[in-house]
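Below: one structure, written as structure tokens.
The values are calculated or read from the model by the stated rules, or taken from the named source; none is laboratory data. Note that the structure is a prediction, hence the values are computed from the model and not measured. Cβ coordinates were reconstructed from backbone atoms using ideal geometry, including for glycine residues, and neighbour counts include every protein chain displayed. Each accessible area value is taken on the protein alone, full model and side chains, heavy atoms only, with ligands, DNA and RNA left out. Shrake-Rupley method; radii C 1.70, N 1.55, O 1.52, S 1.80 Å.
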Number of protein chains: 2
Amino acid sequence: MNVLIVYAHPERRSLNGALNDFTVERLRANGHDVQVSDLYAMNWKAPLDATDVRERSTDAPFHAALDSKHAFENGLQSRDIEIEQDKLRWADALILQFPMWWFSMPAIMKGWVERVYAYGFGYGVGEHSDKHWGDRYGEGVMSGKRAMIVVTTGGWESHYGSRGINGPIDDVLFPIQHGVLFYPGFDVLPPFVVYQTSHMDDARMQATRDALGTRLDRLWDDTPIAFRKQNHGDYEIPRLTLRDELAAGRTGFGAHIG
Amino acid sequence: MNVLIVYAHPERRSLNGALNDFTVERLRANGHDVQVSDLYAMNWKAPLDATDVRERSTDAPFHAALDSKHAFENGLQSRDIEIEQDKLRWADALILQFPMWWFSMPAIMKGWVERVYAYGFGYGVGEHSDKHWGDRYGEGVMSGKRAMIVVTTGGWESHYGSRGINGPIDDVLFPIQHGVLFYPGFDVLPPFVVYQTSHMDDARMQATRDALGTRLDRLWDDTPIAFRKQNHGDYEIPRLTLRDELAAGRTGFGAHIG
């Protein structure tokens, strides 16, 4: 199978660099083809702006969605965006690997999402009507592909526990796992999280490699998170609220897992 | 009072641009001093990396936290970072204004947070012991200052309702409001959210301005979100889990509001 790793860390000689090397080696040893988009090494342009559209008139105001639609449909996207989209088309699985900074992905990776997820590719796909609200949240261009987050954090596991002060790790990652990965159609596997990165000795590093290796070996076997599909009856359309009888009385991100 | 607006939108001739202009005018009309960090206009460098530290030896691996600490303590931060930190010191209130992209702030603003929130300034402040886990979540350098998000989104309000498919807006914004603003000590006001931005006519625009104006008029009167303070008895330290008797049985972000 084909695996794309989108990787964001400013220092190769780091825990993240070591885990990235390990991931590539393990997947290749398992017979997979691997590409790595090392965003810092690529000097990836983070901000989405009008220069992402080629041959653009500067008279009209730039509109992130409409300009993206125009560029995507007419082959006028910036070349660096097209290259990443081709990698996503090629991939059977996507791994996002990053250090958690301020409870989300690094800016450079956020900019990869914003620019590569064009209108017509990452969003704005499919019909919008009173019965179907676009091909998203379980449908879309990435349907049939798998995705997984590999993330490191200095915080303790208890700080990200069900009643930990940072919020539960599943909720902290929900805007990415549900909003960035499930949205365009990926099946999302549970995340691989490394906590307390400043307390990493050889024994813990070996245990971390072993655990990550097992997850990579099971990339096509593990059960994805059961996020509810938008257009399969769980939500009222177009209000897109969860039907009363499902997860009755519950609110919050967890209600959107079946 | 002094208000810093950190603003991220690639097109001045936009809804966000209009709301930014309105905000500046209204605050000045109310007698406040206003500075705007217009990140796109400033061509703000988004990625955090080793070039953020001046006079840095390239022999040692770059470490985001330790290098930031060294640079902050020794006056070796990149000048653009120091300028923004001075604006934060000057400000009595911070407004983050942005379009919601992929359920978070634009990459360029995320990069502002990552780079300006230095170790010793935005985090890594105060003693860490078994009784006090740093000056954060209610304490810190920004104590006594207020903060508010002004955000636009194409989605409907119901999609961000308590059982909406995107997750409740308060949960979607929690990593920013709690993790970026409350963390270094800001008192965080409820967000001002504009939904369905593609359906904006003159009447709705006027109503939006009026509502935003009222919020700006009450910047020092509105009650902040009651996020629980870390070091005031609600959490077990150092596990930082909410005490059993508080919000008993509840999990998720909402449990951290008293």
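Tabulated data for the structure shown
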| read-out | value |
| --- | --- |
| Count of residues meeting criterion [surrounded by fewer than 19 Cβ atoms within 10 Å (Cβ to Cβ), polar (S, T, N, Q) and touching a strand residue (DSSP E or B) at 6+ places or on another chain (Cβ under 7 Å)] in the range B:196-217 | 1 |
| Search result, residues across the range A:38-63 that are in contact (Cβ under 8 Å) with a residue 24 or more places away in the chain and not in a loop (DSSP other than H, G, I, E, B) | A:38, A:51, A:52, A:53 |
| In the range A:40-75, the residues that are within 11 Å of chain B (Cβ to nearest Cβ), modelled with pLDDT under 95 and open to solvent by less than 70 Å² (accessible area, probe 1.4 Å) | A:60 |
| Residue in the range A:4-18 that is open to solvent by 30 Å² or more (accessible area, probe 1.4 Å), of a type in the set (A, V, I, L, M, F, W, C) and under 17 Å from residue A:148 (Cβ atoms) present | no |
| Scope the range B:194-234; condition in contact (Cβ under 8 Å) with a residue 60 or more places away in the chain and either within 14 Å of chain A (Cβ to nearest Cβ) or on the phi > 0 side of the Ramachandran plot (or both); matching residues | B:197, B:200, B:227, B:228, B:229, B:230, B:231, B:232 |
| Long-range neighbours under 8 Å by Cβ, at least six apart or interchain, first residue open to solvent by 80 Å² or more (accessible area, probe 1.4 Å) within the range B:25-37, second in a strand (DSSP E or B) | B:28/B:34; B:33/B:2; B:33/B:3 |
| Unique match (being assigned to a helix (DSSP H, G or I) and among the polar types (S, T, N, Q)) among A:214, A:251 | A:214 |
| Selection within the range B:237-255 - more than 7 Å from every other protein chain (Cβ to nearest Cβ) and under 26 Å from the mean Cα position of the chain (by Cα) | B:237, B:238, B:247, B:250 |
| Residue match in the range B:17-33 (condition: in a loop (DSSP other than H, G, I, E, B), touching a His at 6+ places or on another chain (Cβ under 7 Å) and at pLDDT 95 or above) | no |
| The range A:239-248, subset assigned to a loop (DSSP other than H, G, I, E, B) and open to solvent by less than 30 Å² (accessible area, probe 1.4 Å), residue nearest to residue B:166 (Cα to Cα) | A:240 |
